[in-house]
Amino acid sequence: MKVIQVGIGNMGNTWLNAVLKSTEVEFAGFVEINDAIAEEQAGKYNLDRSLIFKTLEDAIANVKADAVIDVTPPRFHMPMAVTAMNAGLHVLTEKPFSDTMEAAQAIVRKAQETGLVQMVAQNRRYFPSVQTVRRILQSGEMGRVTAVTVEHYRHMTFSNNFRLHMQYPLIVDMAIHHFDMMRCILGCNPLTVYGRSWNPPWSRFDFDASASVLFEFENKAIVSYNGSWESQGGDTSYNGNWRFDCEKGVLWMRDNQVYRGYPEAWNKDMDAPQEPQDMDYLPYAHQAYLLHEFYEAVTTGKPPITTGADNLYSLGMVFDTIKSFETGSVVRCGVPEV
């Protein structure tokens with residue numbers, strides 16, 4: 001399968017590496033508006049400079065491709081997706097799906113009209129630790145999940161990056177991953193959300209880079225999310241640290257490892273160890289998993305899990321959270337319409 005990658009700087013490096021390592025997908029061309037980035041990446045990855053175009057329209061007119069990988073900022077996702085699908089090309093869009101719910105819904109409608117694959121790159125579902133936790137909880141062996149606590153703290157080092165000027169950067173650009181992971185692990189959607197956001201005095205971001213959010217899910221689990229992109233120490237992994245309080249014990253996911261504790265052990269010894277759990281095996285992980293799933297969807301018709309239609313629920317969590325920030329009220333999470 002041949003793809004055009006739109007945007008080859010910054011996050012584009014991850015997709016350049018993923019495709020170059022793939023045995024199923026290869027590049028037909030590239031789109032990059034910044035000449036300096038285009039030249040630098042061409043040298044770094046030994047790319048054919050004649051295949052780097054200024055616009056997606058130019059790339060489509062000059063190369064034969066099956067699909068597009070869109071690694072542009074969120075506000076460009078809708079026009080890129082529509083342009084690609086109007087040309088009969090399937091689309092894999094980087095998260096967040098779009099900068100507005102209306103634009104995301106327009107992409108989903110276009111995919112439904114054309115019958116083309118439209119997938120969102122929610123790669124953090126596909127870590128062995130996440131899939132291990134999901135399997136254990138959904139097996140029922142831990143009993144009912146009553147509470148989930150998620151902590152994500154990072155001191156981000158962006159320089160001249162659009163995220164520094166983005167409204168609610170933690171929620172829009174990072175928590176979209178964590179919110180999607182919540183849905184993946186719990187196997188259901190949220191009912192309500194209440195949150196507060198703020199910007200630390202030392203922040204380099206123009207807008208709020210810290211937040212606390214509380215969700216109630218359909219299975220009645222209460223999920224507490226706390227995070228900051230202006231942490232001054234004690235950074236977590238990008239996936240964050242998770243605690244699942246269950247009827248038959250506690251499950252932790254820390255630094256992408258999984259641990260379990262049992263009530264009987266704690267009753268006997270307050271210092272009882274948290275038992276490491278064997279990780280589920282994934283033949284592909286992260287972007288490699290997404291790329292393989294995208295390839296299978298395009299070539300075999302097997303629907304991907306993180307379709308645009310499904311991702312409207314995760315994106316909706318972002319916008320409902322922002323609505324709660326701005327109104328100071330509990331917000332009922334809606335069912336996204338197309």
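Compute the signed sum of charges (Lys and Arg +1, Asp and Glu -1) over the other residues within less than 12 Å, Cβ to Cβ, of Tyr259. Provide the component values of the computation, followed by the final result.
Numbers: positive: Arg243, Arg254, Arg260; negative: Asp255, Glu275, Asp278.
The answer is 0.
Which ³J(HN,Hα) values, rounded to whole Hz and listed in residue order, are derived for the range 73-82 from phi using the Karplus coefficients 6.51, -1.76 and 1.60 in 6.51 cos²θ - 1.76 cosθ + 1.60 with θ = phi - 60°, glycine and proline given as x?
Along the range 73-82, the couplings run x, x, 5, 9, 5, 5, x, 5, 5, 5 Hz.
May I have the convex hull volume per residue, in Å³, for the Cα set of the range 222-338? Please report the intermediate quantities before stating the final value.
Numbers: hull volume 23.3 nm³, N = 117.
So the per-residue Cα hull volume is 199 Å³.
What number do you get for the range 280-338 when its Cα radius of gyration is normalised by 2.2 N^0.38 Å, N = residues?
Values: Rg = 16.2 Å, N = 59, 2.2 N^0.38 = 10.4 Å.
The range 280-338 yields a ratio of 1.56.
What list of ³J(HN,Hα) couplings, whole Hz, do you get for the range 248-261 from phi and the Karplus terms 6.51, -1.76, 1.60, once you set θ to phi - 60° and write x for glycine and proline?
For the range 248-261, the Karplus curve yields 10, x, 10, 10, 10, 10, 10, 6, 6, 10, 10, 9, 10, x Hz.
Can you grab the distance from the C-alpha centre of the range 173-222 to the C-alpha centre of the range 19-80, Å, no decimals?
Each part's Cα centre sits 33 Å from the other's.
Tell me, what does the Kirkwood hydrodynamic radius of the range 23-63 come to in angstroms if you use every pair of distinct C-alpha atoms? Display every interim value, and only then the final one.
Values: mean 1/r = 0.0944 Å⁻¹.
Final number for the Kirkwood radius of the range 23-63 is 10.6 Å.
Note down the relative contact order for the range 48-168 as a percent, whole number, built from C-alpha pairs under 8 angstrom at least six residues apart.
On the way: 106 pairs, mean separation 21.6, N = 121.
Once divided by the residue count of the range 48-168, the mean separation gives 18 percent.
Along each principal axis of its Cα atoms, how long is the range 15-173 end to end? Whole angstroms, biggest number first, please.
57, 40, 35
For the range 1-87, just list the percent of Cα-Cα distances falling in each 5 Å bin from zero outward, please.
The distribution over the range 1-87 is 3, 15, 29, 28, 18, 6, 0, given as percents.
For n ≥ 4 DSSP H runs only, could you compute -39500 (n - 2.57) per run for the chain, divide by its residues and tell me the 222 nm figure to the nearest 500? Could the numbers behind the result be given before it?
On the way: 10 runs with 116 residues, N = 338.
One gets -10500 deg cm²/dmol as the mean residue ellipticity at 222 nm.
Within the range 1-152, what whole-number % of the accessible surface is contributed by carbon and sulfur, with the 1.4 Å probe and all protein chains included in the calculation?
Details: 3030 of 6310 Å².
Answer for the range 1-152 is 48 percent, counting heavy atoms of protein chains only.
Under 26 Å between alpha carbons, and skipping anything fewer than 8 positions from Lys110 in its own chain: which lysines qualify?
Lys2, Lys54, Lys64, Lys95, Lys302
Can you give me the relative contact order of the chain as a percent, contacts being Cα pairs under 8 Å and 6 or more apart?
Numbers: 671 pairs, mean separation 64.7, N = 338.
Contact order relative to length: 19 percent.
Give the longest segment of the chain that steers clear of trypsin sites (Lys or Arg not before Pro) in DSSP loops with at most 15 neighbouring Cβ atoms within 10 Å, not counting the sites themselves. Before the final figure, lay out the partial values.
On the way: sites that count: Lys54, Lys64, Arg144, Arg204, Lys220, Lys248.
With trypsin sites (Lys or Arg not before Pro) excluded where exposed in loops, the chain gives 249-338 as its longest stretch.
Using a 1.4 Å probe over the heavy atoms of the protein chains, calculate the carbon and sulfur portion of the accessible area of the range 181-235 as a whole percent.
Details: 1160 of 2230 Å².
Carbon plus sulfur share of accessible area: 52 percent.
Quick one: compute the contact order of the range 199-252, relative version, from alpha carbon pairs under 8 angstrom and 6+ residues apart, as a percent.
Working: 50 pairs, mean separation 12.3, N = 54.
About 23 percent, as a whole number.
Could you work out the per residue convex hull volume over the alpha carbons of the range 86-244, in cubic angstrom? List each step's numbers first, then the result.
On the way: hull volume 22.4 nm³, N = 159.
Cα convex hull per residue, to the nearest whole number: 141 Å³.
Accessible area per residue, 1.4 Å probe, Å², for the chain: what's the number? Intermediate results must be reported in sequence, preceding the final value.
On the way: 15100 Å² over 338 residues.
Using a 1.4 Å probe on heavy atoms only, each residue of the chain averages 45 Å².
State the three equivalent ellipsoid semi-axes of the chain, derived from the C-alpha gyration tensor as the square roots of 5 times its eigenvalues, in descending order and whole Å.
Values: eigenvalues 247, 99, 82 Å².
Taking √(5λ) for each Cα gyration eigenvalue gives 35, 22, 20 Å.
Does the range 149-205 classify as rounded, prolate or oblate by the C-alpha gyration tensor (a ≥ b ≥ c root eigenvalues; a/c under 1.5 gives rounded; else a/b over b/c gives prolate, otherwise oblate)? Mind dumping the intermediate values first?
Details: a/c = 2.38, a/b = 1.96, b/c = 1.21.
Taking the square roots of the gyration eigenvalues as a ≥ b ≥ c, the range 149-205 is prolate.
The values are calculated or read from the model by the stated rules, or taken from the named source; none is laboratory data. Note that the coordinates shown come from a computational prediction; the quantities given were computed from them, not determined experimentally. Neighbour counts run over all protein chains shown; Cβ positions are idealised from the backbone, glycine included. Ligands, DNA and RNA are excluded from the accessible area calculation, which covers all protein heavy atoms including side chains. Shrake-Rupley method; radii C 1.70, N 1.55, O 1.52, S 1.80 Å.
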